[in-house]
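J.: Would you mind keeping the following structure in view while I ask a few things?
The values are calculated or read from the model by the stated rules, or taken from the named source; none is laboratory data. In this text, all values refer to a predicted model and were calculated from it rather than measured experimentally. Note that we place each Cβ from the backbone using ideal geometry, even for glycine, and neighbour counts take in every protein chain shown.
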Amino acid sequence: MSKQGVVPDSFSQPFWDAASEQRLVIQNCRACDRLQHPPAEACSQCGAGDSLEWKPVSGRGTIYNYGVVHDCPVRLLQEDQPFNLAVIMLDDDPGIQMYSHLPGTPVDDVPVGAAVEVIFEPTANGQLVPEWRVIGD
Amino acid sequence: MTTPTAPDAMYRNDEGLGIWEHRGKVAAVGVGHAPTARRWDGRAETCVGALSIQALRRAVDDAGVAPDQIDGLVVVPSTTTGSFWEEGKPLPLDVIRSFRQTQDPLDGIAKLSAEWLLQNMPELTNVRFTMYGPGCMSNALNVAAQAVGDGLTHTCLVVKSWHNFEGRYYQGGDNAGETLPGTAAITRLWGGPASYGTALQFAEYCRKYGKSHEMMAPFMENSRRNGLLFPEGYWAQHRPEELGPEDYLASRWIAKPANLFDNDIPIMMSGAYLFTTAERAKDMRQKPVYILNHASSNTRPRSLVPTLDEVEADTARSARKIYEGAGITADDLSFENMYDGFSLFHQFHLEGLGYRGIRFGEALDFYQTDISIEGPNPVSPSGGNVGGGRSRVWMHTDCIQQLQGRAGARQVTGVRPEVAVSGGPMPLAGNFTVWSASPD
């Protein structure tokens, strides 16, 4: 699927730089030792803004849930409708979710609870983006 | 006059606050609605500002109050249904010149400020208090109730309006482009439509409790039926079509398991209310409907989408706040009238309230029983957004009118309308108002 290109900004640059190197990083509060995603300017738990870092994670997870998108608001994705849109829970912290189109998984035949691993796919402008692939039921 | 946004302190977000200090001392006495339309037709008299003026004047007239007695105005400044005035598109100068303008030429067309309203409603000569309750009417009602209770205003108008321009819902702006800014891209590259998060929660709900999308059909049919009995609503005014199970279940998917009818239809509309003190309300035209409490939730999910556990924990927490501040229990609710746009989360509100003793996972079974306005367990007598179009207002209007006994063909007949709660929008991050026919 052809996702929109990504133009990293200063806040998100570390996330996209890591993706370009095929590494997955998630924002982490050193004070709380707690991951958070989506990233924010401050820790959602303690409020600190100066204790945030980008922490490497394992790139393993499970499929928490999914829907099938038939009417997508993003123009570039419309030619691929219908498509799976799943939510992945990270093994490092099941409270942390990431979206995935689950490349290779048939539409509406998604094994909820299955193990997945991160892969990296190019977007429309070549920026690599984290995606997830089923590795077992 | 510069209008501030309501401070956090005006919302009752926490448990353990006890009975609301103004319980029964604030009342709704006037209701006003403007005619609905599917989209703006470009005329001055149908722009969102004009609709707002119309709704406000009707609320004043409904209450039987002289305009110079109004001293407060609470406004929801955002009016978009998901459509925006595209950058570079020529401004509608003929419309702009039809009104007294603020510094923003799209004020009254694609947004709404208190200043714009006051400049274009010269009869409101004594408004000294203005405030924004951002989000939807549920926020603004809480702000207005607290403001009247606190004595910041004694006769206060509240308005929420919506504009809907040509074009597909949320398909302009960044979504039409080739690239996304990096921060937004972290969550938006995957293209989930607005109802996607709710669809996920519903999917998890069905897996956990062994329910199915088909079980929503009686609720949808009942809601549309009630909406068609709401003369102010979009479907009643423009498309008086029932929504039977076959039509509902045959509808196309948007984000499976959410189909087209599970998504409320965006419309042009405006709704307004007049709040005052219980003391002053006695002399007004309509029977007062007293506010026993307002409560709010500002809970955020841990990550991208709320999980079912997070939803259920928060709806239960909201219910405790609702009941605690009002000094009531679930047994006191005459009917159920929470928000429904998207339809697939209505059961979360219902179960959180424990309406008629329903527990988590039981609402869809409850939908298979008599939930009509004639029965003992009315569900969504307003018809909600399913029955009236996207307004986030119908349930509030309906609670007031039911308790006043002037809901017309929609009037509940199987129960005595005494106490009700309305609010939303989402199961997380909602605002709720408890209404009563009696101040006690």
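J.: Take the residues in the stretch A:35-64 that are more than 13 Å from chain B (Cβ to nearest Cβ) and polar (S, T, N, Q); name whichever of them is surrounded by the most Cβ atoms within 10 Å (Cβ to Cβ).
T.: A:T62
J.: Here is a check on your reading of the model: is B:D107 touching a Phe, Trp or Tyr at 6+ places or on another chain (Cβ under 6 Å) and farther than 30 Å from B:D283 by Cα?
T.: Working: touching a Phe, Trp or Tyr at 6+ places or on another chain (Cβ under 6 Å): yes; farther than 30 Å from B:D283 by Cα: yes.
Against the criterion (touching a Phe, Trp or Tyr at 6+ places or on another chain (Cβ under 6 Å) and farther than 30 Å from B:D283 by Cα), B:D107 qualifies.
J.: If you don't mind, there's one more thing I want to ask. Pick from the stretch B:303-331 the residues that are of a type in the set (A, V, I, L, M) and not in a loop (DSSP other than H, G, I, E, B): which of them is nearest to the other protein chains (Cβ to nearest Cβ)?
T.: Of all residues in the stretch B:303-331, those of a type in the set (A, V, I, L, M) come to B:304-305, B:308, B:311, B:313, B:316, B:319, B:322, B:326, B:328, B:330.
If we keep only those that are not in a loop (DSSP other than H, G, I, E, B) as well, we get B:308, B:311, B:313, B:316, B:319, B:322, B:326, B:330.
On the way: B:L308: 9, B:V311: 12, B:A313: 13, B:A316: 20, B:A319: 24, B:I322: 25, B:A326: 31, B:A330: 29 Å.
Checking each candidate, the answer is B:L308.
J.: Shifting gears a bit: When only residues in the stretch B:215-232 that are out of contact with any helix residue (DSSP H, G or I) (no Cβ under 6 Å at 6 or more places or on another chain) and in a helix (DSSP H, G or I) count, which is surrounded by the fewest Cβ atoms within 10 Å (Cβ to Cβ)? Spell out the reasoning first.
T.: Just the residues of the stretch B:215-232 that are out of contact with any helix residue (DSSP H, G or I) (no Cβ under 6 Å at 6 or more places or on another chain), to begin with: B:216, B:218-219, B:221-222, B:225, B:231-232.
If we keep only those that are in a helix (DSSP H, G or I) as well, we get B:216, B:218-219, B:221-222, B:225.
Numbers: B:M216: 29, B:P218: 20, B:F219: 26, B:E221: 20, B:N222: 24, B:R225: 17.
Selected residue: B:R225.
J.: Kindly indicate whether any position in the stretch A:5-27 is at the interface with chain B (Cβ under 10 Å from one of its Cβ atoms), without any contact (Cβ under 8 Å) to a residue 24 or more places away in the chain and either part of a loop (DSSP other than H, G, I, E, B) or in contact with a helix residue (DSSP H, G or I) (Cβ under 6 Å, 6 or more places away or on another chain) (or both).
T.: Yes, the conditions are met somewhere in the stretch A:5-27.
J.: Further question on the same structure: Within the stretch B:153-167, is there a residue that is of a type outside the set (G, A, S), surrounded by fewer than 22 Cβ atoms within 10 Å (Cβ to Cβ) and over 27 Å from B:H294 (Cα atoms)?
T.: Residues of the stretch B:153-167 that are of a type outside the set (G, A, S), as a first pass: B:153-160, B:162-166.
Now narrow it down to the ones that are surrounded by fewer than 22 Cβ atoms within 10 Å (Cβ to Cβ): B:154, B:165-166.
Now restrict to residues that are over 27 Å from B:H294 (Cα atoms): B:165-166.
For the stretch B:153-167, residues of a type outside the set (G, A, S), surrounded by fewer than 22 Cβ atoms within 10 Å (Cβ to Cβ) and over 27 Å from B:H294 (Cα atoms): present.
J.: Of A:C72, A:C32, which residue is over 30 Å from A:P106 (Cα atoms) and within 13 Å of chain B (Cβ to nearest Cβ)? Don't jump to the end; show me each part of the working.
T.: Working: A:C72 fails: over 30 Å from A:P106 (Cα atoms).
The match here is A:C32.
J.: Given the criteria assigned to a loop (DSSP other than H, G, I, E, B), more than 30 Å from B:T315 (Cα to Cα) and either in the same structural domain as B:G423 (by TED's automatic domain parsing) or within 22 Å of the chain's Cα centre (by Cα) (or both), does B:R39 qualify?
T.: Numbers: assigned to a loop (DSSP other than H, G, I, E, B): yes; more than 30 Å from B:T315 (Cα to Cα): yes; either in the same structural domain as B:G423 (by TED's automatic domain parsing) or within 22 Å of the chain's Cα centre (by Cα) (or both): yes.
Yes, satisfied.
J.: Another one. Determine if the stretch B:200-211 includes at least one residue that is assigned to a loop (DSSP other than H, G, I, E, B), touching a Lys or Arg at 6+ places or on another chain (Cβ under 9 Å) and either assigned by TED's automatic domain parsing to the domain that holds B:Q402 or of a type in the set (G, A, S) (or both). Lay out the reasoning, then the answer.
T.: Within the stretch B:200-211, the subset assigned to a loop (DSSP other than H, G, I, E, B) is B:210-211.
This time we only want the ones that are touching a Lys or Arg at 6+ places or on another chain (Cβ under 9 Å), so: none.
Taking every residue of the stretch B:200-211 in turn, none turns out to be assigned to a loop (DSSP other than H, G, I, E, B), touching a Lys or Arg at 6+ places or on another chain (Cβ under 9 Å) and either assigned by TED's automatic domain parsing to the domain that holds B:Q402 or of a type in the set (G, A, S) (or both).
J.: Identify all residues within the stretch B:170-195 that are within 7 Å of another protein chain (Cβ to nearest Cβ) and in contact (Cβ under 8 Å) with a residue 40 or more places away in the chain; write none if there are none.
T.: Residues satisfying the conditions are B:Y170, B:T187, B:G192, B:P193.
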